[in-house]
Amino acid sequence: MITVYGRATSMNVQYVMWALAELELAHERLDYGGAFGRTDSDEYGRMNPNRLVPTLVDGDLTLWESAAIVRYLGARYGSEAFWPADPAARAPLDMWAEWIKTAFSHVLLMDLFVPLVRVREADRDPSAVAAGAERMKPLARMLDERLAQAPFLGGEHVSFADIIVGTPLYRYYTMEFERASTPNLDAYYARLNERPAFRDHVMVSFESLRAR
Ligand SMILES: N[C@@H](CCC(=O)N[C@@H](CS)C(=O)NCC(=O)O)C(=O)O
(Lines give C-alpha, C1' and ligand atoms only; values in the text may rest on other atoms or scores of the structure.)
Protein backbone atom coordinates (compact mmCIF):
# COMPACT_ATOMS: atom_id res chain seq x y z
CA MET A 1 0.00 0.00 0.00
CA ILE A 2 1.37 3.41 -1.00
CA THR A 3 0.77 6.30 1.42
CA VAL A 4 0.65 9.94 0.38
CA TYR A 5 0.94 12.62 3.04
CA GLY A 6 -0.69 15.81 1.82
CA ARG A 7 -3.92 17.76 1.62
CA ALA A 8 -6.12 17.34 -1.48
CA THR A 9 -6.06 21.10 -2.21
CA SER A 10 -2.29 21.18 -2.78
CA MET A 11 -1.37 21.26 -6.47
CA ASN A 12 1.84 19.39 -5.68
CA VAL A 13 -0.16 16.65 -3.99
CA GLN A 14 -2.51 16.56 -7.00
CA TYR A 15 0.29 15.56 -9.42
CA VAL A 16 0.96 12.51 -7.27
CA MET A 17 -2.68 11.60 -6.68
CA TRP A 18 -3.52 11.83 -10.39
CA ALA A 19 -0.52 9.63 -11.25
CA LEU A 20 -1.53 7.02 -8.67
CA ALA A 21 -5.11 6.96 -9.92
CA GLU A 22 -4.09 6.94 -13.59
CA LEU A 23 -1.81 3.96 -12.89
CA GLU A 24 -4.56 2.31 -10.79
CA LEU A 25 -2.21 1.82 -7.82
CA ALA A 26 -3.69 1.07 -4.40
CA HIS A 27 -2.98 3.96 -2.08
CA GLU A 28 -4.17 6.01 0.85
CA ARG A 29 -3.87 9.79 1.29
CA LEU A 30 -3.57 11.37 4.70
CA ASP A 31 -4.47 15.03 5.30
CA TYR A 32 -1.20 16.82 6.12
CA GLY A 33 -0.19 20.44 5.59
CA GLY A 34 -2.15 23.67 5.29
CA ALA A 35 -4.98 23.94 7.83
CA PHE A 36 -4.36 20.29 8.83
CA GLY A 37 -0.82 21.04 10.06
CA ARG A 38 0.93 17.83 11.26
CA THR A 39 4.07 18.64 9.19
CA ASP A 40 5.94 20.12 12.17
CA SER A 41 6.28 16.81 14.04
CA ASP A 42 9.70 15.16 14.38
CA GLU A 43 8.29 12.10 12.66
CA TYR A 44 7.23 14.10 9.58
CA GLY A 45 10.51 16.05 9.56
CA ARG A 46 12.40 12.74 9.33
CA MET A 47 10.37 11.81 6.23
CA ASN A 48 10.48 15.23 4.61
CA PRO A 49 12.98 17.76 5.99
CA ASN A 50 11.26 20.52 3.94
CA ARG A 51 8.11 19.94 6.04
CA LEU A 52 6.13 20.46 2.82
CA VAL A 53 3.63 18.19 1.08
CA PRO A 54 3.52 15.77 -0.66
CA THR A 55 5.56 12.95 0.83
CA LEU A 56 5.10 9.46 -0.58
CA VAL A 57 5.94 6.23 1.21
CA ASP A 58 6.09 3.05 -0.85
CA GLY A 59 7.36 0.19 1.29
CA ASP A 60 10.88 1.09 2.46
CA LEU A 61 11.08 4.06 0.11
CA THR A 62 10.23 7.62 1.23
CA LEU A 63 10.16 10.39 -1.37
CA TRP A 64 9.39 14.09 -1.59
CA GLU A 65 9.28 16.50 -4.59
CA SER A 66 6.09 15.92 -6.55
CA ALA A 67 7.58 15.66 -10.04
CA ALA A 68 10.29 13.26 -8.84
CA ILE A 69 7.52 11.14 -7.30
CA VAL A 70 5.55 11.08 -10.58
CA ARG A 71 8.71 10.01 -12.42
CA TYR A 72 9.35 7.28 -9.85
CA LEU A 73 5.80 5.95 -10.20
CA GLY A 74 6.12 6.01 -13.97
CA ALA A 75 9.49 4.25 -13.98
CA ARG A 76 8.42 1.59 -11.49
CA TYR A 77 4.78 0.99 -12.37
CA GLY A 78 4.05 2.69 -15.71
CA SER A 79 3.46 1.14 -19.12
CA GLU A 80 5.75 1.91 -22.05
CA ALA A 81 3.32 4.64 -23.13
CA PHE A 82 3.28 6.22 -19.67
CA TRP A 83 7.08 6.00 -19.18
CA PRO A 84 8.95 5.37 -22.47
CA ALA A 85 12.02 3.21 -21.79
CA ASP A 86 14.08 4.81 -24.57
CA PRO A 87 15.76 7.94 -23.17
CA ALA A 88 15.52 9.57 -26.59
CA ALA A 89 11.72 9.12 -26.52
CA ARG A 90 11.34 10.08 -22.85
CA ALA A 91 13.59 13.14 -22.64
CA PRO A 92 11.57 15.33 -25.04
CA LEU A 93 8.50 14.66 -22.86
CA ASP A 94 10.46 15.32 -19.70
CA MET A 95 11.62 18.61 -21.20
CA TRP A 96 8.02 19.85 -21.23
CA ALA A 97 7.43 18.48 -17.73
CA GLU A 98 10.43 20.39 -16.42
CA TRP A 99 9.42 23.53 -18.33
CA ILE A 100 5.90 23.56 -16.94
CA LYS A 101 7.19 23.33 -13.37
CA THR A 102 9.91 25.96 -13.71
CA ALA A 103 8.46 28.40 -16.28
CA PHE A 104 4.69 28.09 -16.81
CA SER A 105 3.68 27.18 -13.24
CA HIS A 106 6.04 29.71 -11.74
CA VAL A 107 4.24 32.54 -13.55
CA LEU A 108 0.84 30.94 -12.93
CA LEU A 109 1.39 30.69 -9.19
CA MET A 110 3.47 33.75 -8.37
CA ASP A 111 1.97 36.22 -10.86
CA LEU A 112 -1.67 35.04 -10.94
CA PHE A 113 -2.60 32.64 -8.13
CA VAL A 114 -1.01 34.81 -5.45
CA PRO A 115 -2.55 38.14 -6.56
CA LEU A 116 -5.94 36.57 -7.41
CA VAL A 117 -6.41 34.02 -4.62
CA ARG A 118 -3.88 34.57 -1.86
CA VAL A 119 -4.49 38.33 -1.64
CA ARG A 120 -7.76 39.51 -0.07
CA GLU A 121 -10.20 40.91 -2.62
CA ALA A 122 -10.05 44.34 -0.94
CA ASP A 123 -6.25 44.43 -1.35
CA ARG A 124 -6.20 43.09 -4.91
CA ASP A 125 -4.13 45.03 -7.43
CA PRO A 126 -5.75 44.77 -10.91
CA SER A 127 -2.58 46.04 -12.59
CA ALA A 128 -0.55 43.19 -11.02
CA VAL A 129 -3.12 40.67 -12.30
CA ALA A 130 -3.08 42.25 -15.78
CA ALA A 131 0.74 42.11 -15.81
CA GLY A 132 0.63 38.45 -14.72
CA ALA A 133 -1.85 37.67 -17.49
CA GLU A 134 0.49 39.24 -20.06
CA ARG A 135 3.44 37.18 -18.76
CA MET A 136 1.30 34.04 -19.01
CA LYS A 137 0.25 34.54 -22.64
CA PRO A 138 3.51 33.67 -24.48
CA LEU A 139 3.93 30.56 -22.30
CA ALA A 140 0.38 29.40 -23.02
CA ARG A 141 0.93 30.01 -26.75
CA MET A 142 4.14 27.96 -26.64
CA LEU A 143 2.32 25.02 -25.07
CA ASP A 144 -0.56 25.48 -27.54
CA GLU A 145 1.83 25.13 -30.46
CA ARG A 146 3.34 21.92 -29.01
CA LEU A 147 -0.10 20.41 -28.40
CA ALA A 148 -1.06 20.80 -32.07
CA GLN A 149 1.03 17.67 -32.73
CA ALA A 150 -1.03 14.96 -31.01
CA PRO A 151 -3.83 14.43 -28.47
CA PHE A 152 -1.28 14.00 -25.64
CA LEU A 153 2.37 14.97 -25.30
CA GLY A 154 3.61 11.49 -26.14
CA GLY A 155 1.03 10.79 -28.85
CA GLU A 156 -2.24 8.91 -28.43
CA HIS A 157 -1.84 7.97 -24.76
CA VAL A 158 -1.32 9.80 -21.47
CA SER A 159 2.25 9.77 -20.17
CA PHE A 160 3.96 10.96 -16.99
CA ALA A 161 4.57 14.27 -18.77
CA ASP A 162 0.82 14.88 -19.20
CA ILE A 163 0.41 14.48 -15.45
CA ILE A 164 3.02 17.15 -14.78
CA VAL A 165 1.90 19.45 -17.61
CA GLY A 166 -1.84 18.92 -17.11
CA THR A 167 -2.13 19.43 -13.37
CA PRO A 168 -1.59 23.22 -13.30
CA LEU A 169 -4.14 23.65 -16.09
CA TYR A 170 -7.07 23.36 -13.68
CA ARG A 171 -5.96 26.55 -11.95
CA TYR A 172 -4.99 28.10 -15.28
CA TYR A 173 -8.53 27.63 -16.62
CA THR A 174 -10.40 28.24 -13.37
CA MET A 175 -8.93 31.56 -12.23
CA GLU A 176 -10.35 34.72 -13.74
CA PHE A 177 -7.83 36.52 -15.92
CA GLU A 178 -7.40 37.29 -19.61
CA ARG A 179 -6.02 34.21 -21.35
CA ALA A 180 -4.33 33.97 -24.77
CA SER A 181 -6.30 32.32 -27.56
CA THR A 182 -5.03 28.71 -27.50
CA PRO A 183 -7.35 26.28 -29.34
CA ASN A 184 -5.00 23.27 -29.02
CA LEU A 185 -4.43 23.82 -25.31
CA ASP A 186 -8.19 24.26 -24.80
CA ALA A 187 -8.83 20.95 -26.59
CA TYR A 188 -6.10 19.22 -24.54
CA TYR A 189 -7.65 20.50 -21.31
CA ALA A 190 -11.06 19.25 -22.48
CA ARG A 191 -9.51 15.80 -23.09
CA LEU A 192 -8.02 15.80 -19.59
CA ASN A 193 -11.43 16.74 -18.18
CA GLU A 194 -12.79 13.49 -19.63
CA ARG A 195 -10.45 11.43 -17.43
CA PRO A 196 -11.97 10.36 -14.09
CA ALA A 197 -8.55 10.43 -12.37
CA PHE A 198 -8.07 14.06 -13.42
CA ARG A 199 -11.56 15.04 -12.32
CA ASP A 200 -11.23 13.28 -8.96
CA HIS A 201 -7.77 14.51 -7.96
CA VAL A 202 -6.96 17.68 -9.89
CA MET A 203 -10.27 19.45 -10.30
CA VAL A 204 -10.33 20.22 -6.59
CA SER A 205 -11.71 23.59 -5.54
CA PHE A 206 -9.11 26.01 -4.19
CA GLU A 207 -11.74 28.23 -2.54
CA SER A 208 -10.56 27.15 0.93
CA LEU A 209 -7.15 28.65 0.08
CA ARG A 210 -8.62 32.07 -0.74
CA ALA A 211 -7.48 34.93 1.54
CA ARG A 212 -10.43 36.46 3.41
N1 LIG B 1 8.79 21.47 -4.92
C2 LIG B 1 7.89 20.84 -3.98
C3 LIG B 1 7.02 21.94 -3.40
C4 LIG B 1 6.13 21.43 -2.28
C5 LIG B 1 5.26 22.55 -1.75
O6 LIG B 1 5.59 23.75 -1.88
N7 LIG B 1 4.13 22.17 -1.15
C8 LIG B 1 3.23 23.15 -0.57
C9 LIG B 1 1.79 22.84 -0.97
S10 LIG B 1 1.51 22.97 -2.73
C11 LIG B 1 3.27 23.04 0.94
O12 LIG B 1 3.65 22.02 1.50
N13 LIG B 1 2.86 24.12 1.61
C14 LIG B 1 2.76 24.11 3.06
C15 LIG B 1 1.56 23.33 3.54
O16 LIG B 1 0.68 22.96 2.76
O17 LIG B 1 1.51 23.12 4.75
C18 LIG B 1 7.06 19.76 -4.70
O19 LIG B 1 6.87 19.88 -5.91
O20 LIG B 1 6.64 18.78 -4.05
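DSSP bridge analysis restricted to the chain gives an antiparallel fraction near 70%, rounded to the nearest 5. The simple spin-label model puts a point 7 Å past each Cα toward its Cβ; for ASP123 and ARG212 those points are separated by 1.6 nm.
Suppose R0 equals 30 Å. What FRET efficiency, 1/(1 + (r/R0)^6) with r the Cβ-Cβ distance, do MET110 and ARG76 give to the nearest 0.05? Mind showing how you got there, number by number?
Details: r = 32 Å, r/R0 = 1.08.
It comes to 0.40.
How much accessible area per residue does the chain have, in Å², with a 1.4 Å probe?
Values: 10200 Å² over 212 residues.
Heavy-atom SASA per residue in the chain reads 48 Å².
Ligands, DNA and RNA excluded, the heavy atoms of GLU121 present near 140 Å² of accessible surface to a 1.4 Å solvent probe. By the equivalent-ellipsoid construction on the alpha carbon gyration tensor, the stretch 87-209 comes out with semi-axes of 26, 16, 13 Å, ordered largest to smallest.
Once Rh for the stretch 41-83 is found with the Kirkwood sum over Cα pairs, what is the Stokes-Einstein diffusion coefficient at 20 °C and 1.002 mPa s, in µm²/s? Estimated diffusion coefficient is 191 µm²/s. Spin-label model, ALA85 to ALA103: label points 7 Å out along the Cα-to-beta-carbon direction sit 3.2 nm apart. Put a dot 7 Å past the Cα of ASP42, heading toward its Cβ, do the same for ARG191, and the two dots end up 5.1 nm apart.
For the chain, what is one quarter of the convex hull surface built on the Cα atoms, given in nm²? Can you show the working numbers first?
Numbers: hull surface 47.2 nm².
Result: 11.8 nm².
The values are calculated or read from the model by the stated rules, or taken from the named source; none is laboratory data. This is a predicted model, so every value here is computed, not measured. Virtual Cβ from ideal backbone geometry, glycine too; neighbours counted across all protein chains shown. Please note that ligands, DNA and RNA were not included when accessible areas were found on the heavy atoms of the full protein model with its side chains. Shrake-Rupley method; radii C 1.70, N 1.55, O 1.52, S 1.80 Å.
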